[in-house]
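*Asks:* Take this structure, written in structure tokens, and hold onto it; I'll ask about it next.
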Amino acid sequence: MVIFNNVASLLYASRSICVSVRRYSGHNKWSKIKRKKAVADTQRAAAGAKILTAISQCARVGGTDPDNNMQLAHAISRAKQAEIPKASIEKAIKNAGPQSSELRTDEILYEGRSASQFHMLVEVLTDNRNRTRPQIRKILKTHGGAIGEPGSSAFMFDYKGVLEMKNHQLPDLDATEFAIDVGAEDVTVDEITSTWKLLCDPRSLKEVIGAVKGKEVVIDSISLDYIPKSLVLLNDAEYQKAEELVEQLNDHPEVVAVHSNFSHEDDTDSD
């Protein structure tokens, strides 16, 4: 949400008028700031709750040891990036007891296509798929998109283990050589953030993590992600609508993550 607080130039005849207008303007600006902060706090709390739910689900399905459960390691990494307290993370893992028949949570991957013909994968944790699917379909339909059958969009993505680290830790190493040395399949370099992103087969993620740590390199984040094989380039209007669609999907309480293969056409100008 963008809030515009443009202060107009005021021509006034007396000091009393000036003081009155400024006080009102200041109060109005502070009210907008408080509303904006309240919305941000609510969104942050909702996102945190989703991550903790995912942690409990990952621990319940794959065990509570993140060294032997890469899905859990990914969820914990997301929690740390979101600055969720360690105590909350540990509680979520501890609460991952056996599910009763009354508390079953399903992991579902919905596939969809937008009006601009880019593809999306929507990760969901739900206790009622008969309720959730129509809700996801409605969001897509509202934005001119449609939900697809299994396989209709997944083929546009590669499922990969992803490790990110700051390259200042490796001043004398070539990125490609480092990736090969630790067993990764590919590496991308972001010169703006000075970050290396290693990609690997999810089945070898544990070994790659061990190899990177063996070189005394601090890993900033670990994830299992859907990497688009190609990008659909959008103009300004299309990109804004795409962002609104992704934001609305992310706002759904049972959506864990949204993956897409769109980008702004200007982002490729330098390539």
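The values are calculated or read from the model by the stated rules, or taken from the named source; none is laboratory data. Everything numeric in this text was worked out from a predicted model, so none of it was measured. No Cβ is skipped: glycine too gets one built from the backbone with ideal geometry, and neighbour counts run over all protein chains shown. When the accessible area is computed, the model is the full protein with side chains, heavy atoms only, and any ligands, DNA or RNA have been set aside. Shrake-Rupley method; radii C 1.70, N 1.55, O 1.52, S 1.80 Å.
*Asks:* Let me check I've understood the local charge: for VAL187, count other residues with C-beta under 10 angstrom from its C-beta, Lys and Arg +1, Asp and Glu -1. What total comes out?
*Replies:* Result for the neighbourhood of VAL187: -3.
*Asks:* Can you work out the PRE-style zone for ALA154? Point 7 Å along Cα to Cβ, and I want the residues of segment 247-262 with backbone N under 18 Å.
*Replies:* 256-261
*Asks:* Stretch GLN248-ALA175 to full length: gain in nm at 0.36 nm per residue minus the Cα-Cα span?
*Replies:* Gain on extension, GLN248 to ALA175, equals 22.6 nm.
*Asks:* Could I ask something else about it? Test of understanding: what is the full-extension gain from LYS215 to GLU83, defined as 0.36 nm times their sequence separation minus their Cα-Cα distance?
*Replies:* 44.9 nm
*Asks:* So, with +1 on the Cβ of K and R and -1 on the Cβ of D and E, and no other charges, what is the size of the charge dipole of segment 171-271 about its Cα centre, to the nearest 20 debye?
*Replies:* 640 debye
*Asks:* Now a separate question. Rg and Dmax of segment 147-271, using alpha carbons, in Å: what are they?
*Replies:* 16.8, 48
*Asks:* Now, a different point. Using a cut-off of 13 Å between beta-carbons, work out the net charge of the residues near ASP158 (Lys and Arg +1, Asp and Glu -1, ASP158 not included).
*Replies:* -2
*Asks:* Give me the Kirkwood hydrodynamic radius of segment 67-167 in Å, from all C-alpha pairs, to one decimal place?
*Replies:* 16.4 Å
*Asks:* Tell me, what is the 1.4 Å probe accessible area of ARG129, in Å² to the nearest 10?
*Replies:* Estimated to the nearest 10 Å², ARG129 gives 120 Å².
*Asks:* Viscosity 1.002 mPa s, temperature 20 °C: give me the Stokes-Einstein translational D for segment 119-200 in µm²/s, with Rh taken as the Kirkwood radius over C-alpha pairs.
*Replies:* Estimated via Stokes-Einstein, D reaches 134 µm²/s.
*Asks:* All other residues with a Cβ under 10 Å from the Cβ of LEU199 taken together, and with Lys, Arg as +1 and Asp, Glu as -1, what is their net charge?
*Replies:* Net local charge, LEU199 excluded: -3.
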